[in-house]
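Shown next, in structure tokens, is the structure this report addresses.
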Amino acid sequence: RFEEALQEARQVDKLLSEGPGDDYLEEKFPLLGVPITVKEAFSLHGMPNTSGLVNRRNVIATSDATVVSRLKQAGAIPLGMTNCSELCMWYESSNRVYGRTNNPYDLQRIAGGSSGGEGSILAAACSVIGVGSDIGGSIRMPAFFNGVFGHKPTTGVVPNDGQFPNARGVRTSFLCTGPMCRYAEDLEPMLRVMAGPGVNKLKLNEKVSLEKIKFHCMDHDGGSIFVSPVDKEILQAQKKVVEHLETELGVQVQRVAIHKMKYSFQIWSAMMSSKDSDGQEAQLFTDLLGDHGKPVWPLWELMKWLVGMSSHTLPAIALGLTEKLMKLNPGGNAKLVSMGKSLQEEMEALLGPDGVLLYPSHPTTAPRHNSPICMPFNFAYTAIFNVLGLPVTQCPLGLSSEGLPLGIQVVAASYNDHLTLAVARYLEKAFGGWVLPGK
């Protein structure tokens with residue numbers, strides 16, 4: 001929406017020239033004139049809202065999602081929408097409506113998903129800040145693969161209204177909308193605007209003394225059979241962070257081994273498909289695939305896909321097939337849901353009011369296009385924190401020997417987002433933050 005954006009920018013110029021005073025403007029419009037981009041799953045008036053689904057190709061938003069409206073009211077100017085995976089349920093942003101998003105550090109690599117277009121456009125310096133959403137790592141994986149910052153807030157603070165698909169039933173406790181940006185200092189002002197009155201639940205006005213934070217660190221999930229081992233360079237980057245904190249801040253970083261993290265993928269899957277407290281079933285992905293069209297039969301779609309006739313992507317078809325399998329073991333699922341609740345209590349007790357956990361953002365750096373299909377469960381490193389409801393900030397840590405971004409997740413107990421944001425600002429100063437692609 002470049003024409004509209006230029007027109008809105010001229011209105012900002014006019015407002016500034018009329019000069020109601022900087023203090024007044026800063027309070028009323030904290031993001032005045034700042035260009036933003038928005039994940040295409042969110043509604044932005046007059047713009048497409050397909051979520052990569054071919055049947056929704058002609059859907060144009062007639063209103064703004066709550067967070068988009070708040071950012072616009074704060075003075076931000078939307079430049080346009082960014083690509084996502086089909087129905088936001090895969091970690092490569094590719095679909096049959098817009099095609100595939102590339103990683104600006106290596107065009108043969110994925111930008112991540114589902115907010116992959118957002119991660120890519122921020123890393124390439126085409127936009128300053130952006131809106132993402134995250135139910136299994138959809139903010140943090142693209143932020144990691146593209147070397148930018150992404151924050152998944154504490155659950156229930158930032159409204160999710162106005163995105164498709166939206167969460168229903170138990171998933172409303174797992175889906176989070178949050179900020180993505182190149183510079184750590186932009187996370188907090190964005191979060192304040194996006195949260196609106198909900199910001200009162202957070203302690204963003206509390207001054208954080210880094211020396212008083214209790215740091216914990218875990219190198220990997222304990223060796224899940226479903227997930228790739230963590231790359232040496234990612235482990236090395238995490239080790240450097242620990243050494244730096246101990247040397248410069250004089251803190252003791254406590255190594256922890258949380259046994260249940262080994263079952264992250266199974267816990268996430270079971271909790272995602274569980275019933276809510278009213279007994280409402282989670283919405284079937286297959287039903288979402290049929291939006292604005294006829295019902296979808298995943299097996300038939302697979303046959304069509306094999307001969308190039310399906311309008312759906314292979315990961316979406318595969319998810320439609322596997323969700324049926326989840327229903328075959330209700331007893332096992334109940335055990336995993338209970339394990340998830342106990343892991344949540346364990347995490348909250350470990351982190352307390354002043355603790356953070358350092359944990360890999362993903363087991364590998366940005367994979368090559370299509371290869372996630374061979375390692376489909378690697379998103380468990382981010383997904384587990386969605387079902388635990390904890391705030392997490394993904395922080396870039398420079399580039400690997402192949403020139404691909406490295407990074408780390410900083411996790412805190414519920415409503416302690418101020419701790420993860422403070423650590424993000426510190427790590428940016430210590431390790432350089434975002435690196436211009438192609439340098």
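Things worth noting here:
- Residue list for the stretch 13-65, restricted to those being of a type in the set (A, V, I, L, M, F, W, C), part of a loop (DSSP other than H, G, I, E, B) and open to solvent by less than 20 Å² (accessible area, probe 1.4 Å): LEU31, ALA41, LEU44, LEU53, ALA61, ALA65
- Considering only residues in the stretch 390-405 that are in contact with a strand residue (DSSP E or B) (Cβ under 6 Å, 6 or more places away or on another chain) and open to solvent by less than 10 Å² (accessible area, probe 1.4 Å), the one that is nearest to ASP276 (Cα to Cα) turns out to be LEU390.
- Look at the stretch 64-75: where a residue is closer than 19 Å to PHE164 by Cβ and a partner is open to solvent by 50 Å² or more (accessible area, probe 1.4 Å) and among the basic types (Lys, Arg), sitting 6+ places away or on another chain with Cβ atoms under 7 Å, you get ASP64/LYS72.
Residue-wise test of (1) among the small types (Gly, Ala, Ser); (2) surrounded by fewer than 17 Cβ atoms within 10 Å (Cβ to Cβ); (3) closer than 26 Å to PHE431 by Cα; (4) in contact with a strand residue (DSSP E or B) (Cβ under 7 Å, 6 or more places away or on another chain).
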position: CYS176; (1), (2), (3), (4): no, no, no, yes
position: ALA184; (1), (2), (3), (4): yes, no, yes, yes
position: ASN200; (1), (2), (3), (4): no, yes, no, no
position: ASN205; (1), (2), (3), (4): no, yes, yes, no
position: HIS216; (1), (2), (3), (4): no, no, yes, yes
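- If the condition is being open to solvent by 10 Å² or more (accessible area, probe 1.4 Å), of a type in the set (Gly, Ala, Ser) and over 16 Å from TRP90 (Cβ atoms), then the stretch 115-144 contributes ALA124, ALA125.
- Of the listed requirements (1) part of a loop (DSSP other than H, G, I, E, B); (2) at pLDDT 95 or above, ARG425 misses just one: (1).
- Contact map, the stretch 424-439: residues that are acidic (Asp, Glu) paired with residues that are at pLDDT 95 or above, Cβ distance under 6 Å, separation 6+ or inter-chain. Pairs shown: GLU428/ALA184.
- Inspection of the stretch 395-418 identifies no residue that is among the aliphatic types (A, V, I, L, M), assigned to a helix (DSSP H, G or I), over 26 Å from VAL170 (Cβ atoms) and in contact with a helix residue (DSSP H, G or I) (Cβ under 7 Å, 6 or more places away or on another chain).
- For GLU345: the one exception among (1) open to solvent by 90 Å² or more (accessible area, probe 1.4 Å); (2) in a helix (DSSP H, G or I); (3) modelled with pLDDT under 85: (3)
- Condition met for LEU284 (modelled with pLDDT under 80, closer than 20 Å to SER51 by Cα and in contact with a Phe, Trp or Tyr (Cβ under 9 Å, 6 or more places away or on another chain)): no
- Residue match in the stretch 295-308 (condition: closer than 25 Å to THR382 by Cα, in contact with a His (Cβ under 8 Å, 6 or more places away or on another chain), open to solvent by less than 40 Å² (accessible area, probe 1.4 Å) and of a type in the set (A, V, I, L, M, F, W, C)): no
- Screening SER69 on (1) crowded, with 24+ Cβ neighbours inside 10 Å; (2) assigned to a helix (DSSP H, G or I) shows it passes everything except condition (1).
- Here ALA237 passes the criteria (1) among the aliphatic types (A, V, I, L, M); (2) over 22 Å from ALA366 (Cα atoms); (3) open to solvent by less than 20 Å² (accessible area, probe 1.4 Å) except the one numbered (2).
- Where GLY147 falls short, out of the listed (1) within 22 Å of LEU314 (Cα to Cα); (2) crowded, with 24+ Cβ neighbours inside 10 Å: (1)
- Checked against the criterion of being out of contact with any Cys (no Cβ under 9 Å at 6 or more places or on another chain), at pLDDT 75 or above and under 24 Å from SER93 (Cβ atoms), the candidates PRO353, PRO372, PRO315 yield just one match: PRO372.
- Taking the numbered list (1) in a loop (DSSP other than H, G, I, E, B); (2) open to solvent by 40 Å² or more (accessible area, probe 1.4 Å) in turn, GLU92 passes all entries but (2).
- Residue that is farthest from ILE258 (Cα to Cα) [pool: residues in the stretch 365-389 that are of a type in the set (S, T, N, Q) and crowded, with 20+ Cβ neighbours inside 10 Å]: THR365
- Within the stretch 348-380, tally of residues that are closer than 16 Å to SER114 by Cβ and outside any loop (DSSP other than H, G, I, E, B): 3
- Residue in the stretch 244-265 that is at pLDDT 95 or above, open to solvent by less than 20 Å² (accessible area, probe 1.4 Å) and out of contact with any Asp or Glu (no Cβ under 8 Å at 6 or more places or on another chain) present: yes
The values are calculated or read from the model by the stated rules, or taken from the named source; none is laboratory data. This is a predicted model, so every value here is computed, not measured. Methodologically, a virtual Cβ is constructed for each residue, glycine included, from the backbone with ideal geometry; neighbour enumeration extends over all protein chains shown. When the accessible area is computed, the model is the full protein with side chains, heavy atoms only, and any ligands, DNA or RNA have been set aside. Shrake-Rupley method; radii C 1.70, N 1.55, O 1.52, S 1.80 Å.
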